[in-house]
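The values are calculated or read from the model by the stated rules, or taken from the named source; none is laboratory data. The structure presented is a predicted model; accordingly, all values stated were derived computationally and were not measured. Using ideal geometry, Cβ is built from the backbone for each residue, glycine included, and neighbour counts are taken over all protein chains shown. The accessibility values were calculated without ligands, DNA or RNA, using every heavy atom of the protein model including side chains. Shrake-Rupley method; radii C 1.70, N 1.55, O 1.52, S 1.80 Å.
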Amino acid sequence: MKKPMNRRDFLKQTAKTAALAGLGGYGPLLQGCAAKKAYDIVITDALVYDGQGGRPFEADIGIVGETIQTVGKAKASRGKLVIEGKGLAVSPGFIDAHDHTDVSLIVNPKAESVIHQGITTLVSGNCGGSAFPVPDSIFEELKENAKTVYGLDLTWKDMAGFFGRLEEKGTALNYSTLLGHGAIRGAAMGLNDRPPTPEELEKMKSLVEEHMRAGAFGLSSGLEYTPGSFARPDELTELCRVVARFNGTYATHMRDEDEGILESLDESIAAARDSGVRLQIAHLKVGGYRNWPKVDAALAKIDQAKQQGVNLFCDRYPYIAGSTGLSSYFPLWAREGTTEDFLRRLQDPALDEKLRSHLATHEDRLGSWDKVLISDVVLDKNKYLQGKNILEAAREMDKQPYDFIRDLLVEEKSMVGMITFYGNEDVLKKILAHPLVGVGCDGSAVAPYGILSSGKPHPRNYGTFPRALGKYVREEKIVPPEKMINKMTAIPASRFGFEKRGLLQSGYYADLVVFDPGKIADRATWVNPHQYPVGVEYVIVNGQVVVEHGDHTGRLPGKILKKRV
């Protein structure tokens, strides 16, 4: 790593820049350096990564209220709280570009597993599934699920109602959301596999416009899940045109991330090109050992689209395994409709052979069912299965894997989480190092205690950002730290449209993470995932310390961020 600038060189450089630019954007910074003022927080002698991707520099940081006032020299004697930054790095708070924290933030607003990573802002509502609107047709089912899983009373049906529930207790970090295509499709036309009528399409377009005006940052799709999977490209393009009018983002969990990865990229890029929308490709991956060689062609497609003017970016978590519901292995036609419809098909003898054949194809792609772990179930009698792979669990019950999977889904009413080992380290490193790929957990806020401690969730819920900086930057050296931090902060802030966030400079909100660059690392494992990372010393959100010496202070200064239209 290049030697960082010291404070004197940094001030000389910024003074020269300011002189050439008539003080420009550095005027407030230099004025802050010179003024004699009191600060609520002073961070002294830290190695500053400002989020822009340039060389780090040594500086003090002065915070007043919610905002950064000084980046340069700030005397410790003028700070109400002084954080000694010698030997530590400070950067803008990390932005999780791909999050699923919705209901769990109401259950535990401290957002434990997320805030301990240094994440200060979430982009939720991904993969086509936002917490709103809640269709009348499945309201009772979702209400029962919320009570069963979280002990929570579902009281909202729209975005305003959901935001109201979040605001009741407050949150530890900033929350933003996309609108889920699956949610609006269900609300407009139900959960069936058919194209929308012209009237239904207009209803979906109206819902997109309504939510964009109310503060959603864009639209997400989950094209491997029902009912989003039933949408054809023309439907998605029409909805993206509405999003583009509001300068929003279309984030897509593509239709196929395995054999059809290249075709799915073509579909996603075409939607962005034809509609003019800003595109975010979710958790970019190439699944299955037979498909790993396609990674170069996939990245080449992304590069080519960028060169041709498509405004796109991707996110990825730094693990070779993914996590979703076990039901996703079943064909789309089996999952059409409600959960009860799905469970009825699983138990229909007339469909048994057809379903077995479909899952045999998945087994062939995986290599073996030992690559799939059961991560979460609801019933106490089945908790012992958590952490076991399907092959060993089936053998223990003297069942064939298909029979075990079917019976478990029926017994658990389809609420079974899984972790699938689909990836390869070399492929992962190539994706993470790409300049058009940022970082997203693809998880939700959980905790080592209380109701959110159930199961054995994917370690990415606790370790994504520290693992990216520890294993892949410090140890593997796939990119310099300043480049990875740029992809974690300024780039997502700019792309989603967060005002005065994502950069460490005067006048911006004081969302900061102070970490030890030599120690930051994930600790969560597949066997014991409920472990906080190490090396994250302080996390500051809107000028308030939420994590101090690695411990949560209990403060809840987060804001609900809404897109300005």
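A few remarks follow.
- Sites matching trypsin sites (Lys or Arg not before Pro) across the stretch 199-254 that sit in DSSP coil, with at most 16 neighbouring C-beta atoms within 10 Å: none
- Per residue, the stretch 220-360 exposes 37 Å² of accessible surface when a 1.4 Å probe is rolled over the protein heavy atoms with every protein chain present.
- Straight-line cross-link reach from LYS203 at under 25 Å between alpha-carbon atoms covers these lysines, not counting any fewer than eight positions away in the same chain: LYS143, LYS157, LYS562, LYS563.
- Between GLU499 and GLU200, full extension at 0.36 nm per residue minus the direct alpha carbon distance yields a gain of 104.2 nm.
- Most simply put, the stretch 313-439 has about 75% antiparallel DSSP beta bridges, counting only bridges with both residues inside it.
- Helix 401-411 and the long axis of the chain differ in direction by around 80°, with both axes built from C-alpha atoms.
- From the alpha carbon centroid of the stretch 258-274 to that of the stretch 283-303 is 12 Å.
- Selection from VAL48, PHE313, LEU154 lying farthest towards where the dipole of the chain points positive, charges on Cβ: VAL48
- Maximal additional length on extending the ASP341-VAL527 stretch stands at 63.6 nm, based on 0.36 nm per residue less the C-alpha distance.
- Computed accessible area, THR44, all protein chains, 1.4 angstrom probe, square angstrom: 10
- DSSP-defined antiparallel bridges as percent of all bridges, the chain, nearest 5: 50
- Rule-of-thumb Rg ratio for the stretch 417-565 [Cα; 2.2 N^0.38 Å; N residues]: 1.09
- When a 1.4 Å probe is rolled over the protein heavy atoms, the share of accessible surface on the chain that falls to carbon and sulfur comes to 49 percent.
- Volume per residue of the C-alpha convex hull in the chain, rounded to whole Å³: 140
- Listed pairs LYS169/LYS456; LYS429/LYS483; LYS285/LYS306; LYS110/LYS559; LYS429/LYS487 exceeding 22 Å between Cα atoms: LYS169/LYS456
- Cα gyration tensor of the stretch 78-202 - equivalent ellipsoid semi-axes, whole Å, descending: 36, 17, 11
- Working from Cα pairs under 8 Å separated by at least six residues, relative contact order for the chain is 20 percent.
- Accessible-area value, THR155, 1.4 Å probe, nucleic acids and ligands omitted, Å²: 80
- Of all aspartates and glutamates in the structure, the ones whose alpha carbon falls short of 15 Å from that of LYS205, not counting any fewer than 8 places away in one chain, are ASP234, GLU235, GLU238.
- Set of aspartates and glutamates near LYS73 by C-alpha distance (under 17 Å), chain-local residues within fewer than 8 positions excluded: ASP9, ASP40, ASP45, ASP50, GLU58, ASP60, GLU84
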